[in-house]
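Notes follow once the structure below has been shown.
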Amino acid sequence: MTIRLPDFQGGLRTYEPRIRPLEISPGTPLTSRTVFSAAHVVADPLADAGPDTPAAVDWDATLAFRRHLWSHGLGVAEAMDTAQRGMGLDWAGAAELIRRSAAEARAVGGRIACGVGTDQIATGTLKEVRAAYEEQLAVVEEAGAQAILMASRALAAAAQGPDDYLEVYGHLLRQSAEPVILHWLGPMFDPALEGYWGSADLDAATDTFLEVIAAHPDKVDGVKISLLDARREVELRRRLPRGVRCYTGDDFHYPELIAGDEQGFSHALLGIFDPLGPLAAEAVRTLDTGDVAGFRALLDPTVELSRHLFQTPTRFYKTGVVLLAWLAGHQSHFTMVGGLHSARSLPHLVRAYELADGLGLFPDPALAEDRMRNLLSLYGVNA
């Protein structure tokens, strides 16, 4: 089998796809690390929906993908950035996603944590921001899922300084029924979050973040750090109170952060573990046996793909994630809510295919090749 792919210089080159995929069967639960995959949503391609209308979700395909992740021992981080929160999926759609996924998790015994934000309002006073958080927290807790307190665009706009963050988060943590995960999402993922925690100086922001945790350590299960800065994550996790986990959200340095060092390690809550699900689970099971070198041998080669998907502008990484889900046969189409399947260039998508194929991520390489040909034909490329 060969296929002609764009060569990034205006021409075409011949590529020979991999013949055999990695063969990874569902396995035992992971023990040495707690690992969540932030999962994407599958759009309904037959719905008459546009960028400015509520998302139309294919619920059967969306829930089937979550069962796929659970079958490999991964937890699902639901209604997060990967699910296009604030980029095609509004709060009404996210609430329905949370309820359906939490019910599915109970049915199959899967672990689930769900995003709590303020995206039902665009802007507001601190009181209104707090009320929006409370509404979403209630939905997640009523669904029986763990809450992930996500960074809020509305809070970033309304807060005048660190004290406002301390007040809002302190109020939420005091009333949460169970320990939550705090999520610090950097501006590379969402430019509207610049200056979160009351300062554009990351050292000062880190101090405020840690002050929130120190005041309520019994209500914080862990923190998810998505700053794409491995050194800063390691320094922060060493300052966490005992018993508070660090969940890496660093899609550039995850193998080394999960492996850890003599002073500790990170758990994981990652968007890249959507396309890497089975391989990531196999790597962590290898780590469960104490085989750090084997873990790195499996996971290190995936970083090139992750860095490609998450390249600037990072917030459009979801397009590559959904492309790979389609090529892998997890859904029947390459369509995204909000029309975001058009957010990346053809050369970007081609490179994602090539890197994923090289890793053996496609259960049926012939199907992936055929679907890639179809995509190329839409761009006028005779592959």
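A few notes on this one:
- Anisotropy class of region 1-159 from Cα gyration tensor, a/c 1.5 cut: oblate
- For the chain, hydrophobic long helices are taken as DSSP H runs at least 15 Å long by C-alpha position along their axis with mean Kyte-Doolittle hydropathy of -1.0 or more; these are 59-71, 91-108, 126-142, 162-175, 202-215, 277-288, 317-327, 346-358, 365-378.
- For the chain, accessible area per residue (1.4 Å probe, heavy atoms of protein chains only), Å²: 40
- In region 1-153, taking the dipole from charged Cβ atoms about the Cα centre, the farthest positive-side position among 147, 63, 1 is held by 1.
- Sorted largest first by accessible area at a 1.4 angstrom probe radius, with every protein chain in place, the residues 224, 219 fall in the order 219, 224.
- Gyration tensor verdict on region 264-383 (Cα atoms; rounded if a/c is under 1.5, prolate if a/b is larger than b/c, oblate otherwise): prolate
- Where 303, 168 fall by accessible area, highest first, once all protein chains stay in place (1.4 Å): 303, 168
- Cβ-based net charge around residue 322, under 11 Å, with every Lys or Arg adding one and every Asp or Glu removing one: +1
- Across region 68-174, Cα pairs under 8 Å and at least six residues apart give a relative contact order of 26 percent.
- Only protein atoms count toward the accessible area here, which uses a 1.4 Å probe; on region 73-160, the carbon and sulfur part of that area reaches 48 percent.
- Taking the accessible area of region 162-220, probe 1.4 Å, and keeping the other protein chains in place, the carbon and sulfur fraction comes to 53%.
- Separation between Cα centres of region 173-248 and region 1-65, rounded to whole Å: 29
- Each stretch of four or more DSSP H residues adds -39500 (n - 2.57); spread over every residue of the chain, this sum gives -13000 deg cm²/dmol at 222 nm.
- Extending 7 Å from Cα along the Cβ direction at residue 175 and again at residue 366 yields two label points whose distance is 5.8 nm.
- Loop-resident sites, region 288-383, for chymotrypsin sites (Phe, Trp or Tyr not before Pro), counting at most 15 other Cβ within 10 Å (DSSP): 379
- Net +/- balance of residues flanking residue 336 in space, Cβ distance below 12 Å, scoring K and R +1, D and E -1: 0
The values are calculated or read from the model by the stated rules, or taken from the named source; none is laboratory data. What you see is a predicted model, and the numbers here were worked out from it, not measured in a lab. All Cβ positions, even for glycine, are placed from backbone atoms using ideal geometry, and neighbour counts span all protein chains on display. The area values use the complete protein model at the heavy-atom level, side chains included, leaving out ligands, DNA and RNA. Shrake-Rupley method; radii C 1.70, N 1.55, O 1.52, S 1.80 Å.
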